[in-house]
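So the structure is just underneath, and the comments pick up after that.
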Amino acid sequence: MNQGVKDYVAEKVKALINASSCCAEAKEVGQAWLDAMGTDKEAEQTKKLMEQLEMDIMPVDGLIAFADSEAGAQVFGPELAKNVAAHGREIKAAGAKYCDCPACNAVAAILEKKEELL
């Protein structure tokens, strides 16, 4: 793997880990990948990272559906849930495929480098 790609992905993994919208599982796998860089565990951890991130990235339609649901209202609160759903519709209309929260932005950037990492 190209060192420039590795450095770029490491930066994005750190951004992911620090994002308030990042789930505990992605934080754990991201940190394990960072810890494995340059070791004989790197390839194994890269595969685990990609698998986790592919599960975690939120398609924009999923964001909208969640924000419009009762569960979304419970998580965000009723007013914020409406705003999140509206924002989701707005970014979808602009061509977005995924949620644009800090965690999903980092995940999308990492997944763009998947072929170069594996």
Which angle from 0 to 90°, rounded to the nearest 10, does the C-alpha axis of helix 102-111 make with the longest principal axis of the chain?
40
What distance in nm separates the simple spin-label points at L80 and E115, each placed 7 Å from Cα in the Cβ direction?
3.9
Find how much the distance from A32 to K14 grows on full extension, using 0.36 nm per residue of separation minus their present alpha carbon separation; answer in nm with one decimal.
5.3 nm
Mean separation of Cα contacts under 8 Å (6+ apart) over length of the chain, as relative contact order %:
38
Compute the helix-to-body angle for 78-93: its Cα long axis versus the longest principal axis of the chain, expressed 0 to 90° and rounded to tens.
70
Relative contact order (percent) for region 6-51, with alpha-carbon contacts under 8 angstrom and 6 or more residues of separation?
31
Square roots of five times the C-alpha gyration tensor eigenvalues of region 54-118, ordered largest first and given in whole Å, equal 25, 12, 8
In a Debye calculation with equal point scatterers on the alpha-carbon sites of the chain and no solvent, what is log10 I(q)/I(0) at q = 0.12, 0.17, 0.21 Å⁻¹?
-0.47, -0.82, -1.08
Solvent-accessible heavy-atom area per residue, rounded to whole Å², over the chain at 1.4 Å
58
Report the extension gain between E44 and Q3 in nm, rounded to one decimal, defined as 0.36 nm multiplied by the number of residues separating them, less their alpha carbon distance.
13.0 nm
Given a 1.4 angstrom probe, I'd like the percentage of the accessible area of region 1-78 that is carbon and sulfur, rounded to a whole number.
52
Which lysines have a Cα lying under 23 Å from the Cα of K14, excluding residues fewer than 8 positions away in the same chain?
K6, K27, K41, K47, K48, K97, K113, K114
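Based on DSSP H runs of at least 4 residues, each adding -39500 (n - 2.57), what is the mean residue ellipticity at 222 nm of the chain after dividing by all its residues, to the nearest 500 deg cm²/dmol?
It comes out at -23000 deg cm²/dmol, rounded to the nearest 500.
The values are calculated or read from the model by the stated rules, or taken from the named source; none is laboratory data. This one's a predicted model, so the numbers in the text were calculated from it and none came from an experiment. Heads up, the Cβs are rebuilt from the backbone with ideal geometry, glycines too, and the neighbour counts pull from every protein chain shown. Each accessible area value is taken on the protein alone, full model and side chains, heavy atoms only, with ligands, DNA and RNA left out. Shrake-Rupley method; radii C 1.70, N 1.55, O 1.52, S 1.80 Å.
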